[in-house]
Structure formats: C-alpha cells, structure tokens
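Take a look at the structure below.
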Amino acid sequence: MASVLKVKESKASERTIVVAGLPVGSVTDQSLTVLVKSHFQDIENGGGVVEDVIYPTRTKGVAYVTFKEKKVAENVIRKKKHYLAEMVRPAQLTISHFSEKVFSSVNAVLDLSVFRSQIGLRSLVMDLKREIPALCFSPLEANGRISIQGSFLAIKKLKESLLLKASSLLEKNRNRQSPRESTWKSSHSLKPPRSSTPETMRRGERLVLDTDIFLYLKKTSGFYESTLKKFHALCEETVDGEITTLCIRNAEGGSQPNNEKQGKKLGFEEVKTLV
C-alpha cells in the first residue's frame with residue numbers, strides 16, 4: 001500500500017494534490033486509479049499531464065495525484081467542484097494542496113448530546129450534511145455520538161459551524177431570559193435590589209471555544225491569565241467535551257463595567273490567530 005512518504009521523497013509535493021472522498025469498494029483499486037487519472041487529465045477539469053497517481057494509500061478513500069507541471073495542480077484546485085462522473089453515483093471529491101503539515105483525511109467521533117436539549121439531533125445532522133457535503137457521516141447513535149470522515153479542511157469547517165451554533169444557542173437562551181428580567185425590574189422599580197452590581201455584570205459575558213484551543217490558550221500562552229489580571233476579571237470555565245464555555249465576570253463588583261466585554265473581545269482576537 002502506498003504512503004505519503006513516496007510523495008515527500010520524490011520532491012514533487014508542490015505539483016501534488018490530495019484527493020479525498022473516493023468511493024471505496026465500488027470498483028477495484030486498479031480501476032479507480034485509472035478513473036482518477038483520467039479525470040485529472042481532462043482539460044475541462046482544469047487538468048493536464050498526470051505523472052503519477054498514488055492509490056490506495058494508508059488513508060481510506062484518499063489518493064495523491066502528481067502532475068508534470070505545478071500550474072496544472074493549481075488550476076485543478078481553483079476548480080472548486082470535482083465529480084468522479086464515471087461512477088454509478090457521481091462521487092464529489094475534495095481537493096487540496098499536498099502538505100506534510102496537514103492531514104489529508106481525518107476520522108472523528110462527535111458527541112452531539114450537548115445540543116439535545118436545544119434542537120433535534122437528527123435535524124442538526126441533516127443541516128451539517130447539507131452545509132458540508134464533503135464529509136461522510138455514520139448513522140447517529142442513541143447516545144448522540146456520530147462518526148465523521150473527511151479532509152482536514154472539511155473537519156475544520158465542521159468545527160467552526162458547531163461552535164457557531166453553540167454560541168447562537170447560548171445567545172438565544174440569554175435573550176429568552178431578558179424579558180423576564182425586564183418585567184421583574186419594572187414591577188419592582190420602587191424596590192431596587194440590595195446589590196449595586198448591574199445584572200449584566202453578575203451574569204457576565206460568555207465566550208464559546210473549542211476545548212483544544214482553550215487548553216492551548218491556558219497552558220501554552222500567557223495571554224489568558226495576563227488578560228484576566230489586566231482587566232480585573234474572573235473567569236468561570238465549563239468544559240463539555242469538545243466545547244468549552246467561559247463566563248467572564250468583573251472581579252471588582254461592577255466598578256469597571258467594560259472589563260468583561262473588553263476581555264471577551266481580546267479573547268476572540270487571540271482565538272482568530274490560532275484557528
């Protein structure tokens with residue numbers, strides 16, 4: 001079975017693309033190799049002279065295609081949609097530059113049970129399939145777990161989508177609470193709470209992060225602790241599998257009302273440099 005080492009040793013990485021999403025088991029490996037070569041030699045697909053096709057590889061459903069010229073590899077990647085039309089069911093392929101630093105294909109197990117109380121999990125999975133068609137999803141298990149397979153870039157897009165959905169759900173929950181808080185305040189306007197700290201300060205600002213990124217921020221970068229100290233803020237950390245929720249509160253009882261939002265803003269800026 002071929003491996004990525006063959007590409008590294010050939011010094012042809014800049015002329016090589018990673019092809020993910022190949023249908024496994026539909027035809028023989030030899031036939032699929034011929035189909036892949038034919039597809040990428042077709043000018044309509046942005047192709048040209050193919051020097052080599054490495055398939056099968058150690059990663060299921062992934063091939064490495066090396067072209068004679070670098071510009072052909074670039075043309076193929078610029079053509080965003082590729083379908084292996086010769087199959088009974090046209091297979092959509094995910095194409096990316098070859099890089100030693102990036103996994104060509106990734107398998108992951110997601111625990112979607114954290115969304116169960118907010119939205120239907122089957123509906124969530126259907127939305128994700130439509131949003132990221134390059135990913136392969138296993139059947140959803142009763143406990144909310146599901147297996148995913150796809151390119152590194154597709155998995156990264158999935159992570160960003162789930163974090164965005166989690167953040168949106170948190171915001172909706174806060175908005176549902178706001179009318180009740182406003183009603184309580186208006187009906188008790190003559191009897192203000194004993195605490196002089198505004199409600200938004202007691203509740204704090206929320207920031208949703210990928211758990212791996214949060215652990216990196218906390219353990220590797222000094223940014224996390226230094227930012228909390230700089231803005232006199234306290235942070236409550238809730239780790240729930242792949243998602244970590246931070247609740248940033250003012251440590252000085254409301255004397256600096258912008259500290260929480262400033263800390264959250266800086267947190268987002270730091271995260272953007274890591275993903």
*Which ones in the range 19-37 are closer than 19 Å to Ala134 by Cβ, surrounded by fewer than 16 Cβ atoms within 10 Å (Cβ to Cβ) and touching a strand residue (DSSP E or B) at 6+ places or on another chain (Cβ under 9 Å)?*
Ser26
*Restricting the search to the range 144-160, which residues are under 15 Å from Val125 (Cα atoms) and touching a Phe, Trp or Tyr at 6+ places or on another chain (Cβ under 7 Å)?*
Ile146, Ile148
*From the list Val53, Val49, Val125, which residue is farther than 30 Å from Asp240 by Cα and either of a type in the set (Asp, Glu) or surrounded by 14 or more Cβ atoms within 10 Å (Cβ to Cβ) (or both)?*
Val53
*Residues satisfying the stated conditions in the range 141-154, i.e. under 25 Å from Ser117 (Cβ atoms) and surrounded by 15 or more Cβ atoms within 10 Å (Cβ to Cβ)*: Gly144, Ile146, Ile148
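No value in this document is a laboratory result; all are computed from the given coordinates. Since the model is a prediction, treat every value here as computed from it, not as a measurement. Note that each Cβ is placed from the backbone with ideal geometry, even for glycine, and that neighbours are counted across all protein chains shown.
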